[in-house]
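Structure, as structure tokens:
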Amino acid sequence: MSLLLLDTNVASFIFKGSQFAQPYQPLVQGHELALSFMTVTELFQWSVVRNWGDRRIEQLEDYLSNYLIIPVDQPLCWEWAKIRAERQRVGQPISSQDAWVAATARRHELPLITHNGQDFRNIANLHILEPDS
């Protein structure tokens, strides 16, 4: 069983039970799944912005307990800085949040399952997994 990193959008689809989660099931089946600390912060932010109640927040926290949450460390910060600089140099800026997710995948050599592959294209040494079109 290998470890895979889910991007925030895919983790959100699965949490919500969205129909958009279905194409990702074959990719995640039989694998251990991880989330970047940044994905967790984004999901928490959405709960605050949308004024979720205690019950929904508890559901989110229970859901997150199913994942390995990868914390930030100094080497991860270096990966983030390199990715942001690389993308800036080639005129392809990347959001801070996406850079953290990409840096987490690259730092830990994990395939990244995302719904927005175009946001991560052209990042060296990053393995992106998407459902077949």
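Of note:
- Residue in the range 19-37 that is touching a helix residue (DSSP H, G or I) at 6+ places or on another chain (Cβ under 6 Å), farther than 17 Å from LEU129 by Cα and surrounded by 13 or more Cβ atoms within 10 Å (Cβ to Cβ) present: no
- In the range 9-38, the residues that are touching a Leu at 6+ places or on another chain (Cβ under 7 Å) and in contact (Cβ under 8 Å) with a residue 60 or more places away in the chain: LEU27, VAL28, ALA34, SER36
- Options ARG121, ARG55; residue that is more than 13 Å from THR8 (Cβ to Cβ) and either touching a helix residue (DSSP H, G or I) at 6+ places or on another chain (Cβ under 6 Å) or assigned to a helix (DSSP H, G or I) (or both): ARG55
- Residues located in the range 93-129, provided they are touching a residue at least 40 places away in the same chain (Cβ under 8 Å) and under 17 Å from PRO23 (Cα atoms): PRO111, LEU112, ILE113, THR114, HIS115, ASN116, LEU129
- Considering only residues in the range 97-118 that are in a helix (DSSP H, G or I) and either among the β-branched types (Val, Ile, Thr) or in contact with a Gly (Cβ under 8 Å, 6 or more places away or on another chain) (or both), the one that is nearest to GLU42 (Cα to Cα) turns out to be VAL101.
Readers should treat all values here as calculations from the given coordinates under stated rules, not as data from a laboratory. None of these values were measured; they are calculated from a predicted model. Neighbour counts run over all protein chains shown; Cβ positions are idealised from the backbone, glycine included.
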